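Working notes for the structure below.
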Amino acid sequence: MGYDKVLMGTAFVDGELKYAEIGIDDGRIVEISKNIRGGDERIDFGSHGVILPGFTDPHVHFRDPGMTQKEDFGTGTLSAVHAGVTCVLDMPNTKPPASSVRTVMEKKAAIRRKANVDYGLFAAVTANCNARMLAPLVPGFKLFMGSTTGNILLNDDSELIPAVRDVLATGKRMSVHAEDDSMMSHATEGCTRDHLRNRPAEAEHNAISRLASNFAGSRINICHITTSKGLDLARNAGFTTEVTLHHILFDVDRHTGAEYKVNPPIRDPTTRDALMARFLKGDVTMFGTDHAPHTVEDKAQEFDAAPGGIPGVETAMPIVMDMVRNQTIPLKLAVSMGSSAPAEAFSLNKGRIDVGMDADFAVFDFRNSVRIDARRLHSRCGHSPYGGFSAVFPDTVIIRGEVQVEGGEFCGECIGKDVCG
């Protein structure tokens, strides 16, 4: 049998690293064995290359359309591919919000031919959204129980419960910004501790508890979990969970300025340490960056006026790969949380090196740890709180069999496809 490409090297297959040759045809994996003959192109990653399934980021805000001075789909996906992220799921709080068939289709038209990685577009859960008509167009839905960028808040049970019931009836997973808006304060803020005071942990706990009391066992994903108690509430309800690096690496005592203002907020060191411990234990389902770029000028405003949001799509998984390199976490956990779990949660044909799956790969040389230089990142926002962190970036990134990054440099084209296209 002829193959478009054959990859050779140490690969993460069936939960372990082993030598494999991977035959690719028409963008999919068609054979995995120790010896494949032929192939139009054979790529040998040698003794130091580690072939992983491409990562899926289930939570990005690429600001396209409506706020493209902060980020657009081109710059956002260029950032993603340099991290080994081969698929992103973009949130609906753009301008206008993606909350109807018309606005979802308009957003698809606006970003078409801009994407450097595969993508899906979430639809917002609103009181009058037509979930049945939207479901074929999207990989999932997003419910905002707490106010944040955009104006698609839905927190009143009289409207929330029937809307969520309709969404879940489609079989699609619903991601939730789980902060009970009624428990938040809007007092003036001067630092991240003030922001934390206005958005207490109890708001997270109450939002998850309300969902659990009405929808336990449903296809619900709790985004950017920030507390160990919230994690327990979600797990006990049978929900999947997502954690960001900023909630396990930053805290209000050491990181006080507007660069670290985000919703939900970074928390106190004790809460952060408890969440980190649960992450290290393997209790969280998946990573999500909540990549939320704002311009340098936005973040330079006085704290109270500065918008909330932290960029991270280009830095999160390389930082995680450095955690693997220094044995903070096992590779198996990193691949699960970064690849297989999000792909499985949102029914994507991605996330594993297995026959029939999309031929998406990120290849790392774990000898190549570097310090992140925010000036070299590709996001239009132009800044990052992760400058100086140790990271391992991929040497090669392949999307559906096409090499897009080689030698750490972008060499491809805008080949990204809509996973619901």
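The values are calculated or read from the model by the stated rules, or taken from the named source; none is laboratory data. In this text, all values refer to a predicted model and were calculated from it rather than measured experimentally. As a convention, Cβ positions derive from the backbone with ideal geometry for all residues, glycine included, and neighbour counts pool all protein chains shown.
Do we find that F393 is in a loop (DSSP other than H, G, I, E, B), under 19 Å from G338 (Cα atoms) and either at pLDDT 95 or above or in contact with a Pro (Cβ under 9 Å, 6 or more places away or on another chain) (or both) in this structure? Criteria met by F393. Condition first: loosely packed, with under 14 Cβ neighbours inside 10 Å and not in a loop (DSSP other than H, G, I, E, B). Now tell me which residues in the range 129-160 satisfy that. R132, M133, P136, D157, S158 - these are the residues of the range 129-160 that are loosely packed, with under 14 Cβ neighbours inside 10 Å and not in a loop (DSSP other than H, G, I, E, B). Return a yes/no flag: does the range 96-103 have any residue that is part of a helix (DSSP H, G or I), modelled with pLDDT of 95 or more, in contact with a helix residue (DSSP H, G or I) (Cβ under 8 Å, 6 or more places away or on another chain) and surrounded by fewer than 24 Cβ atoms within 10 Å (Cβ to Cβ). So far as the range 96-103 goes, yes, one or more of its residues are part of a helix (DSSP H, G or I), modelled with pLDDT of 95 or more, in contact with a helix residue (DSSP H, G or I) (Cβ under 8 Å, 6 or more places away or on another chain) and surrounded by fewer than 24 Cβ atoms within 10 Å (Cβ to Cβ).
Within the set S340, S384, the sole residue that is of a type in the set (S, T, Y), outside the structural domain of T285 (by TED's automatic domain parsing) and farther than 20 Å from I43 by Cβ turns out to be S384. Only one entry of G9, G38, G74 meets the criterion of being not assigned by TED's automatic domain parsing to the domain that holds E297 and not in a strand (DSSP E or B), and that entry is G38.
Taking the conditions exactly as written (in contact with a Phe, Trp or Tyr (Cβ under 8 Å, 6 or more places away or on another chain), at negative phi and crowded, with 23+ Cβ neighbours inside 10 Å), does P318 satisfy them or not? Yes: the conditions hold for P318. Assess whether T170 counts as being touching a helix residue (DSSP H, G or I) at 6+ places or on another chain (Cβ under 8 Å), of a type in the set (V, I, T), in contact (Cβ under 8 Å) with a residue 24 or more places away in the chain and more than 30 Å from Q301 (Cβ to Cβ). So T170 passes the test.
When restricted to residues that are touching a residue at least 12 places away in the same chain (Cβ under 8 Å), of a type in the set (S, T, N, Q) and assigned to a helix (DSSP H, G or I), the range 196-246 contains 6. Among the residues of the range 21-41 satisfying the criterion of being in contact (Cβ under 8 Å) with a residue 12 or more places away in the chain and out of contact with any Phe, Trp or Tyr (no Cβ under 9 Å at 6 or more places or on another chain), which is surrounded by the most Cβ atoms within 10 Å (Cβ to Cβ)? The qualifying residue surrounded by the most Cβ atoms within 10 Å (Cβ to Cβ) is I29.
Of the set (1) farther than 30 Å from P92 by Cα; (2) in a strand (DSSP E or B), all apply to G2 but (2). Test R210 against the criterion of being of a type in the set (K, R) and within 23 Å of the chain's Cα centre (by Cα), and give yes or no. No.
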